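Written below as structure tokens is the structure these notes are about.
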Amino acid sequence: MNKKSLIYYLCMSVLMACIGITVAVTINAKYEEEKVTALKKALIVLEDIGNSNKKGYEINFVKDIDYNEKEDDNEIVSDYNAHYESSGSFKLSFESDESKKVTLTNGFQSFFENGKGFISGTQSESHVINNSEINKKTNETIRKENYNYSVSNEYIIDNNENISVYSSTKYANNIDTTKTTTDSFAGKINKNVLFETVELSIFNTAIDQIMFIDVWDDVNSLLKLIYNSLTKIDYNNKQELSNFIKSKNFSFKINNDNIQISYMIDLDDKLTSGVDNNYENIYFSMELDNNTKEIKNFKFDLSNYYGSILKYDTNNSMETAKINNYYIEGKIVNNTLTRKDTSSVEYKEYTDETKYDFVDQFVNHAIPTSEDINE
């Protein structure tokens, strides 16, 4: 190959490389632009979601954890293992004369003030613990404890002219079934009579206490976080949209009227003690219907996040903790939901003369109690 041919091929190679780089940059820029467009469309749908006078919320969760600790010294081998599992479902359905009057960022207070409908749910929690100590020299079992306990509850609170409350709880000792007990409450009272007796904020707190599993706190915190972070973005400001997308592993899919967005949430101190950390991010996904202005599905995958917390907290070669599953998912629709049939339940009716009995029975029998797992 002569010098002219060599120069020609070198120039062509450089030219083709430059074209390839330009095409790659162009494609990448176009995809980034499409991300911004998808986020904007999603935010517009979210803005319209609050305009319906009918609303239905449905949320489900599962949390499943294993924990093990083994210690071996010169005389004793200690072996501790535990399994924790909880799950729950929740519905909130209401109609309101003005949709904007019902805001759930601070609990159910505005629902009781300005809506008509119901709250319902099921929830269960179980602890299984096995703990033993063995003398290494004699192989004698010094101590052995086995614990297997679960609490399950279902509830329905109706909010109309009357407040009706049904709650049934089972406390199961799965080793000694003779210790298994149940508790329940079914009562109704005129709404005005009730709220002349107790402040609405106090009743709101009591409803929160029925939802006894800790995961409900995460549900509230995460939904508030998503709402606050997305609603503060000016979707007409392209730079704000672009800044939000950066470093979030943002992805999207648009199919006819459906918009799907997914991204990572770096919580840092949002659900922790208020200090910086190196915990894993939470994966969040959401599918919206541009036609009905509904959230067809949302999901938080917290498995890696809580796994990293447990790994940090144990930080000991003799301790292991594993998150088998932890997610929260649900939907928000612009319609009322189907209420479970409770026609077979006999509600006791309370009057102005017996209104304090309603409060007393509600507190003592409708709210599940936390049991000491060492008993």
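Every read-out reported here was derived from the displayed coordinates using simple, explicitly stated rules and does not represent laboratory data. It should be emphasised that the depicted structure is a prediction, and the values quoted were computed from it without experimental measurement. Glycine gets a Cβ as well: all are built from the backbone with ideal geometry, and neighbour counts include every protein chain shown.
A few points about this structure:
- Under the simplified labelling scheme, the ASN237-ASN146 pair shows an inter-label distance of 6.2 nm, with each label point 7 Å from Cα along Cα→Cβ.
- Entries in LYS191/LYS340; LYS100/LYS232; LYS253/LYS296 that, when Cα-Cα distance is taken, lie over 19 Å: LYS191/LYS340
- Taking the Cα centre of the chain as origin and assigning +1 to Lys and Arg Cβ atoms and -1 to Asp and Glu Cβ atoms, the resulting dipole is close to 2320 debye.
- Applied to segment 132-146, the Karplus parametrisation 6.51 cos²θ - 1.76 cosθ + 1.60 on θ = phi - 60° returns per-residue 3J(HN,Hα) values of 9, 9, 10, 6, 5, 6, 9, 6, 7, 7, 7, 8, 8, 10, 10 Hz, with x for Gly and Pro.
- Separation of alpha-carbon centers, segment 114-156 and segment 224-266, rounded to whole Å: 39 Å
- Structure remark: mean-square fluctuation, Gaussian network model of the chain, C-alpha springs under 10 Å; the largest value among PHE61, PHE195, PHE185 belongs to PHE195.
- For the pair ASN291 and ASN304, the difference between a 0.36 nm per residue extended length and the Cα-Cα distance amounts to 1.3 nm.
- Most fluctuating residue given options ASN228, ASN192, ASN139, as computed from a GNM of the chain linking Cα atoms under 10 Å: ASN139
- Partner aspartates and glutamates whose Cα lies under 15 Å from the Cα of LYS91, excluding those fewer than 8 positions away in the same chain, are identified as GLU58, GLU154, ASP158, ASP208, GLU329, ASP341.
- Helix 3-49 and the longest principal axis of the Cα set of the chain meet at an angle near 30°.
- log10 of Debye I(q)/I(0), alpha-carbon scatterers only, for segment 156-220 at 0.22 Å⁻¹: -1.01
- Across the chain, Cα pairs under 8 Å and at least six residues apart give a relative contact order of 21 percent.
- Built amide H within the under 5 Å cut-off of ASN325, gap 5+: ASP64
- Cubic angstrom per residue, convex hull over Cα atoms of segment 51-207: 147 Å³
- Sequence-ordered 3J(HN,Hα) estimates for segment 202-214 from the Karplus curve with 6.51, -1.76 and 1.60 and θ = phi - 60° stand at 5, 5, 4, 5, 5, 5, 4, 6, 4, 7, 7, 7, 4 Hz, glycine and proline given as x.
- For segment 104-114, Karplus couplings with θ = phi - 60° (6.51, -1.76, 1.60), whole Hz, Gly/Pro x: 9, 5, 10, x, 9, 4, 5, 5, 6, 6, 10
- Residues whose placed amide H lies under 5 Å from that of ASN162, excluding near-sequence neighbours: LYS191
- For segment 37-366, the alpha carbon positions stretch 75, 62, 33 Å along the principal axes, listed from largest to smallest.
- Residue with peak Gaussian network fluctuation, the chain [Cα springs, cutoff 10 Å], from ASN68, ASN256, ASN174: ASN256
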